[in-house]
Amino acid sequence: MTELDAPEIDLLNLDRFADGVPHDWFTWLRANDPVHHHAEPDGPGFWVITKLEDVITCSRDFATFSSAAALGGVVGLPEPGPDEEDHSEVTGSLLLYMDPPGHTRYRRLVNRGFTPRMIAKMEGHIRDLTAENLDETLPRGEVDFVVDVAAELPLKVIAELIGVPREDRHKIFDWSNRLVAGGDDEEYKVSEDRLAEAQVEMFLYAQKLAEAHRTNPGDDIIDALLNAEIDGESLSETDFNMFFVLLSVAGNETTRNAISHGLNAFLQNPDQWALLVSDPDRYIAGAVEEILRWATPVMYFRRNATADFELRGKTIKAGDKISLWYVSANRDEEVFDDPFRFDITRDPNPHVAFGGGGPHFCLGAQLAKMEIRVLFEELVRRAPRIEALGPPDPLRSNWIGGIKHLPVHFVDPT
């Protein structure tokens, strides 16, 4: 590992992330400056939290490290410019930008759609969707794994979960790409107008969807959400629309990227793929957890301090911006033996790919794990030999750890 001086570290340099996660920077920070104050060109700077223990501490202390205190519901590190619109009236209804007790009430409502019963009864259908995709994809031999496989399963699952007809599922794909990566990556880059269009289109679609379910109710997650009531309160129209956006984007982007990183890790570590193929029942649970640690699809989340706080000898002041770097915490040498080794037998594996605990632990964690498990169970059975046809194409983003393309060859699929 090359020794670096802290001033050379620039986590706002998206071009550096276009070449892959700058793990050398995070390794230096964990060893030399784990609570690092990072400058920014047009702002006060932000704190970079890199150790797993500290990420968990800050995640659980929602009173001190607030999700709601960020200006205008900003999830990123830079503040909005003077000419940028303040979306706080809308984003205030989104779980990402809420703190307890409001967050607790909202989460209790939406949890009705994510009970173990609701998730468990989906497994058979998720396996059918996976088999359907692989039946169509594997005979082609050479494919873009991200586009043809990794993106398809989460799209189909989320589409069906929220009642979107199959023919409309690629609208979710398009909206997600515009909202999450549109401003950072040239392949997905769109104008501010197109970004606003995506938001409006998703809201209108959600309203139409809710109206259809109220007219013809069923027994799926949308009906559970529309009918949920806590202490006499139910989801408002804005609440429902914002949850539709959150579920569509988070359920699509993150699972797609975890699956893509997972296969890429196996291609780069063929001994681990051979191990999984040798006994999927024995190794699949560990493989899912290691894929999540290795991928860390959401690299960081932003918080704002509401009070002064001492952490590793540094004083974080009230009002300061905090960034919790899960992608660094998941390579913490004090927690993980040989953290840069992809090891599906790793145990324990206390990764924070779904967040560091506390109120914002990922709502869809169990669903994502199920999708990853089912896909790789079916993949090792149907395509035990897979070859890379080229390097992965990383997403240009310091927030979403994504792969846009991964060309592969399925050798003699069964």
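General observations
- Residues satisfying the criterion are absent from the stretch 308-318 (criterion: surrounded by 23 or more Cβ atoms within 10 Å (Cβ to Cβ) and among the charged types (D, E, K, R)).
- Any hit, the stretch 383-391, residues being of a type outside the set (F, W, Y), surrounded by 18 or more Cβ atoms within 10 Å (Cβ to Cβ) and part of a strand (DSSP E or B): yes
- Residues that are modelled with pLDDT of 95 or more and outside any helix (DSSP H, G or I) were ranked within the stretch 12-32; the one that is farthest from R396 (Cα to Cα) is P22.
For (1) in a loop (DSSP other than H, G, I, E, B); (2) over 17 Å from the mean Cα position of the chain (by Cα), each residue gets a yes or a no:
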{"site": "S323", "(1), (2)": "no, no"}
{"site": "R341", "(1), (2)": "yes, yes"}
{"site": "T345", "(1), (2)": "yes, yes"}
{"site": "K369", "(1), (2)": "no, no"}
{"site": "V374", "(1), (2)": "no, yes"}
{"site": "R381", "(1), (2)": "no, yes"}
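- For I56: the one exception among (1) at pLDDT 95 or above; (2) surrounded by fewer than 20 Cβ atoms within 10 Å (Cβ to Cβ); (3) over 30 Å from M370 (Cα atoms); (4) among the β-branched types (V, I, T): (3)
- The C-beta contact set for the stretch 139-160 (first residue closer than 19 Å to D128 by Cα, second residue among the small types (G, A, S), distance under 7 angstrom, 6+ apart or interchain) comprises F145/S260; A150/S260; P154/G251; I158/S248; I158/G251.
- Residue match in the stretch 324-338 (condition: of a type in the set (K, R) and at pLDDT below 95): no
- Selection within the stretch 202-249 - under 26 Å from the mean Cα position of the chain (by Cα) and among the polar types (S, T, N, Q): Q207, S236, T238, N241, S248
- Filter result for the condition that a residue is at negative phi, surrounded by fewer than 18 Cβ atoms within 10 Å (Cβ to Cβ) and either of a type in the set (F, W, Y) or in contact with a helix residue (DSSP H, G or I) (Cβ under 7 Å, 6 or more places away or on another chain) (or both), over R166, R117: R166
- When the criteria are applied in full, R346 meets the requirement of being under 21 Å from R282 (Cα atoms) and touching a Gly at 6+ places or on another chain (Cβ under 7 Å).
- Residue in the stretch 39-50 that is over 25 Å from W294 (Cβ atoms), touching a strand residue (DSSP E or B) at 6+ places or on another chain (Cβ under 6 Å) and either outside any loop (DSSP other than H, G, I, E, B) or modelled with pLDDT of 95 or more (or both) present: yes
- Once the stretch 319-342 is narrowed to residues that are out of contact with any strand residue (DSSP E or B) (no Cβ under 8 Å at 6 or more places or on another chain) and of a type in the set (K, R), the residue that is surrounded by the fewest Cβ atoms within 10 Å (Cβ to Cβ) is R341.
- Those residues of the stretch 202-230 which are closer than 15 Å to L247 by Cα, assigned to a helix (DSSP H, G or I) and either touching a residue at least 12 places away in the same chain (Cβ under 8 Å) or hydroxyl-bearing (S, T, Y) (or both), in sequence order: M202, F203, Y205, A206, Q207, L209, A210, I221, I222, A224, L225, L226
- Residue check: L379 meets all listed conditions (1) farther than 30 Å from L52 by Cα; (2) surrounded by fewer than 21 Cβ atoms within 10 Å (Cβ to Cβ) but one, namely (2).
- Qualifying residue in the stretch 231-241 (condition: touching an Asp or Glu at 6+ places or on another chain (Cβ under 6 Å), assigned to a loop (DSSP other than H, G, I, E, B) and without any contact (Cβ under 8 Å) to a residue 12 or more places away in the chain): no
- Of all the listed residues (A307, A318, A368), the sole one being at pLDDT below 95, more than 17 Å from K51 (Cα to Cα) and small (G, A, S) is A368.
- Residue within the stretch 296-316 that is on the phi > 0 side of the Ramachandran plot, in a loop (DSSP other than H, G, I, E, B) and among the β-branched types (V, I, T) present: yes
The values are calculated or read from the model by the stated rules, or taken from the named source; none is laboratory data. What you are looking at is a predicted structure, and each value in this text was computed from that prediction instead of being measured. Cβ atoms come from the backbone with ideal geometry, glycine included; neighbour counts cover every protein chain shown.
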